[in-house]
Every structure is written in structure tokens, then in C-alpha cells.
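> Dumping the structure here so I can ask a few things about it.
The values are calculated or read from the model by the stated rules, or taken from the named source; none is laboratory data. Predicted, not measured: the structure shown is a model, and the values here were computed from it. Using ideal geometry, Cβ is built from the backbone for each residue, glycine included, and neighbour counts are taken over all protein chains shown. Quick note on the areas: whole protein, heavy atoms, side chains included, nothing else; ligands and nucleic acids left out. Shrake-Rupley method; radii C 1.70, N 1.55, O 1.52, S 1.80 Å.
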There are 2 protein chains.
Amino acid sequence: MARANLTSAAVIAAAADLADRDGFDTITLSALARGLGVQTASLYSHVRDRSALVEGVHRLALGELADRIALAIGGRAGHDALTALAGAHRDYAREFPGRWTALQRPATEATVRSEAAGRVAGLTLAVLRGYPLPESELVHAVRLLAATVNGFLALQANGSIAHREPDPDLSWRRALDALDVAFRSWPAPAAGSSPAERKS
Amino acid sequence: MARANLTSAAVIAAAADLADRDGFDTITLSALARGLGVQTASLYSHVRDRSALVEGVHRLALGELADRIALAIGGRAGHDALTALAGAHRDYAREFPGRWTALQRPATEATVRSEAAGRVAGLTLAVLRGYPLPESELVHAVRLLAATVNGFLALQANGSIAHREPDPDLSWRRALDALDVAFRSWPAPAAGSSPAERKS
DNA sequence: TGCCGTACCTAATAGCTTTAGGTTTTCGCC
DNA sequence: GGCGAAAACCTAAAGCTATTAGGTACGGCA
């Protein structure tokens with residue numbers, strides 16, 4: 001039997017495919033080896049251990065997501081860009097549920113500081129530059145946007161929202177519209193005073 | 001040796017404690033049995049299998065969270081109530097990281113429809129009734145709020161935000177202020193027309 | 001053609017889950 | 001007080017997974 005001639009990347013890609021097909025926590029070195037026609041122990045030549053494998057999938061997904069976001073928001077601005085960015089996230093989560101789940105897992109320091117992670121952050125930042133936000137507030141807006149988009153998708157994946165009335169898609173659009181409003185009339189002080197004073 | 005006289009609830013509580021102490025995925029029937037001074041197989045009298053156990057922890061956490069939310073928002077309204085509700089979520093995630101992680105896992109249909117889940121949803125709804133939202137928009141607002149709060153906490157747990165400049169706490173306050181603004185000037189049509197028209 | 005790295009293998013240990021079936025404690029009841 | 005049954009606990013065993021150690025053979029390069 002010809003050898004499989006695996007590489008680290010190939011193994012990780014196979015793991016990602018497996019996760020998308022059968023669910024994230026079926027990522028197991030045994031199942032993977034079975035699918036690749038190789039003995040389990042052989043995978044250790046390409047991957048340090050299981051945790052390194054899922055980190056690899058995480059990193060892979062981050063890169064793919066960045067590509068899709070870049071493609072989606074190209075040439076758009078404002079509300080359009082916001083919708084496109086969010087849509088890229090959502091489409092990715094739909095198409096690649098396993099990979100997307102990997103993104104939700106705790107990331108190592110290396111992954112957080114990876115080029116792919118930086119690209120996602122940078123693209124999100126770019127979208128928000130289309131809104132009248134002071135430079136010092138941009139980071140907060142990025143975090144809010146990331147939190148809401150990921151949180152919504154997580155709620156769906158979780159089952160809290162899926163298949164319930166009213167249509168989640170409608171809620172999705174409303175959420176993006178609400179964020180759009182929020183970014184347009186950002187509540188923070190332009191100068192550095194405390195925002196605690198607010199008529200309830 | 002005296003018998004432990006376990007119950008289903010006691011086992012689940014022990015699992016929750018274990019998760020908080022050593023991390024969610026150290027929830028293992030073996031470790032649990034070890035801690036309870038009992039043979040692994042004995043746990044199967046109280047818990048159907050591992051998945052039922054984590055579902056139990058999920059359900060438990062949901063109930064505890066509901067209690068804390070109820071306590072926190074009592075007597076408050078508007079921005080105050082919003083902050084209190086979000087704060088209850090955050091404090092819970094901080095104090096009980098293992099239990100909180102359980103909340104992020106896919107829930108069974110039974111858990112989604114459980115009394116505890118309903119209570120959390122109901123309390124969130126109550127907070128949002130303090131805002132000038134049409135009845136038909138309340139659900140969307142609830143989902144947005146839930147998504148943002150959970151998403152933010154997930155980002156922190158994930159490492160994407162934690163220990164970075166600027167202070168995540170500041171972003172947290174900004175996010176809540178932004179939501180407050182969004183709920184105050186909700187962008188959806190009062191009547192049933194499409195919200196697609198929006199000057200970008 | 002021979003040699004070396006490395007891709008792959010076999011073998012073995014150890015931990016976790018789950019099922020089957022046996023023992024003992026506890027508790028209601030006469 | 002003792003009897004009987006339910007339930008709490010146990011031992012034993014099978015099957016899966018991760019991981020390490022050390023051996024074999026294939027491919028490219030001199």
C-alpha cells in the first residue's frame with residue numbers, strides 16, 4: 001500500500017473536514033487515522049498531540065474566515081460593510097460548523113497573536129472606520145461587534161434560538177440594524193471623562 | 001466505610017464544583033467517583049451517562065444564574081437594570097467558570113424548554129420592558145442582549161480579549177452603554193414594513 | 001548503488017466509559 | 001424485632017482513546 005505522504009497541514013485539514021461532517025468533538029486521532037488509512041500512532045509525526053491538532057484547526061479556520069471576510073466587505077462601507085462582515089461570519093458558521101466550533105474554544109497565546117487573528121481584527125476595524133467613531137473608541141466597538149456576532153451564532157448553535165418563533169433571521173437583521181444605530185450614535189465621551197452619568 | 005448516599009443532584013453538584021475548580025473538560029466520571037470516594041460504575045445509578053451529567057450541570061447553572069439575575073435586577077429599571085443583568089452574568093462567569101462553560105455547550109431540547117431557561121428569558125424580557133420597544137420587537141431585543149452579553153464573556157474566556165489593552169472592563173461598560181442607546185432608539189419599523197431602506 | 005532521513009508501523013501502557021451481574025445496606029411494614 | 005425488597009454500592013470486563021518507545025522500509029540524493 002502506497003504511503004499517504006501526510007503533512008502537518010494535511011492532517012489538520014482532514015481533522016477540520018471530519019469536524020464539519022461529524023461534529024467537533026469527534027475530532028479524535030483514532031478516527032482521523034482511520035479516515036486517512038494510517039495507524040493512529042503515525043499521526044504523531046505530524047502533530048504534537050491532540051491539543052495541538054485542534055489548535056491547528058482553530059488557526060486554519062481563522063485564516064479561512066479572514067479570507068471570506070475580506071472578500072465580503074470589499075468595496076462596501078457603513079451598514080453594507082457591517083452586514084457583509086456579519087454575513088461572512090454567519091455563512092462560515094453554517095458551512096463549516098466544526099471549524100467554527102473550533103474558533104469558540106480557548107485559544108493559545110500563539111493563536112491569539114497569529115497573523116490570521118490579526119487579519120480578522122484588522123478587517124473588523126476597517127469596517128468600523130466607516131462610522132464616526134473617535135479613534136480611542138474603535139477598539140471598544142470592535143469588541144462589541146465581535147461579541148454580538150459570535151454570541152448570536154453561538155446562541156443559534158447552542159439551540160437557545162434555533163427553530164423558534166419568530167424567525168432568527170429577522171432577529172439577526174434587527175441586531176445588525178441596532179448595532180448600526182449604536183455605532184452611529186456612540187454613547188462614549190469624546191474626551192476622557194467617566195460615562196457613569198446617564199439619565200435612566 | 002459508610003456509604004456516600006449520593007443522589008442524582010449531589011453527583012451533578014459535585015461535577016459542577018469539579019468543573020469550577022479544574023476546568024470544564026475535567027468533568028469525567030472517573031475523577032468524579034474518585035472525589036466522591038466511590039467506584040466509577042456506581043455513578044451510573046444516579047446519572048444515565050456522561051452526557052446526562054453535563055446536561056445536569058447545564059441545567060443547574062441555568063437555575064443558579066436565574067436566581068442571581070433576579071436578585072440583581074430587583075427594584076431597578078432602564079440602564080440600571082441592564083447593567084445589573086449583565087453584571088449578574090459576568091459575576092457568575094467569573095465565580096463559576098466551569099458551570100458557565102457548561103452553559104455554552106449545546107443544550108438538549110428539554111433543557112432549552114426547562115423552567116430555569118424560561119426564567120432567564122423572562123427576566124431578560126422584564127429588563128427590556130423598561131425600554132420603549134414595541135411588543136413585537138421585544139424578542140429580537142432579548143436575543144440581541146443575550147448574544148452580546150454571552151458573546152463578550154465568551155471572548156474573554158476564549159482569550160481573544162483577556163489581558164489586553166485597553167481594559168476589557170471599559171469595553172464592557174461601553175458595550176452596555178451602546179446597547180442602552182440601541183434599545184432607546186430601536187431601528188425597526190413600528191408597523192410591518194421591511195427595514196431594508198437605510199441610508200448607508 | 002548505497003545511505004540517510006522520515007513516513008509509517010507494531011507493541012505496549014494507561015485512562016475513560018459503559019454494561020452486566022453480584023452484594024450489602026437501609027427502610028417500610030407486619 | 002425481623003422480613004423482604006428497593007436501591008446503593010461493588011467487582012469484572014470489554015472497547016475506545018491518547019501517548020510513548022522503538023523498529024521497518026521507502027524516497028531522494030550523493
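> Looking only at region B:15-47, count every residue that is more than 20 Å from B:Asn158 (Cα to Cα) and of a type in the set (Val, Ile, Thr) and tell me the total.
Qualifying residue count for the region: 4.
> Does A:Ala93 meet the test of being touching a residue at least 60 places away in the same chain (Cβ under 8 Å) and of a type in the set (Gly, Ala, Ser)?
Taking the combined requirement at face value, the residue satisfies it.
> Kindly evaluate B:Gly87 against the criterion of being under 13 Å from the mean Cα position of the chain (by Cα) and surrounded by 21 or more Cβ atoms within 10 Å (Cβ to Cβ).
In short, no.
> May I pose another question? Identify the residue in region A:141-167 that is at negative phi and in a loop (DSSP other than H, G, I, E, B) and, among all such residues, is most open to solvent (accessible area, probe 1.4 Å).
It comes out as A:Glu165.
> Please determine, by comparing only the residues of region B:5-27 that are open to solvent by less than 50 Å² (accessible area, probe 1.4 Å) and assigned to a loop (DSSP other than H, G, I, E, B), which one is nearest to DNA strand C (Cβ to nearest atom).
Checked region B:5-27; the qualifying residue nearest to DNA strand C (Cβ to nearest atom) is B:Ile27.
> Looking only at region B:38-53, decide whether some residue is hydrophobic (A, V, I, L, M, F, W, C), more than 11 Å from DNA strand D (Cβ to nearest atom), assigned to a helix (DSSP H, G or I) and open to solvent by less than 50 Å² (accessible area, probe 1.4 Å).
yes
> Yes or no: B:Arg34 more than 30 Å from B:Leu179 (Cα to Cα), within 16 Å of DNA strand D (Cβ to nearest atom), of a type outside the set (Ser, Thr, Tyr) and within 14 Å of chain A (Cβ to nearest Cβ)?
The answer is no for B:Arg34.
> What are the residue pairs meeting all of these: first residue in region A:96-109, first residue at the interface with chain B (Cβ under 8 Å from one of its Cβ atoms), second residue hydroxyl-bearing (Ser, Thr, Tyr), Cβ atoms under 9 Å, and 6 or more apart or on different chains?
Listed by first residue and then by second, the contacts come to A:Ala107/A:Ser114; A:Ala107/B:Ser160; A:Thr108/A:Ser51.
Here is a yes/no grid of residues against (1) more than 7 Å from every other protein chain (Cβ to nearest Cβ); (2) small (Gly, Ala, Ser); (3) touching a Pro at 6+ places or on another chain (Cβ under 8 Å):
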| position | (1), (2), (3) |
| --- | --- |
| B:Leu123 | yes, no, no |
| B:Ala126 | yes, yes, no |
| B:Pro132 | yes, no, no |
| B:Arg143 | no, no, yes |
| B:Phe152 | no, no, no |
| B:Leu155 | no, no, no |
| B:Gly159 | no, yes, yes |
| B:His163 | yes, no, no |
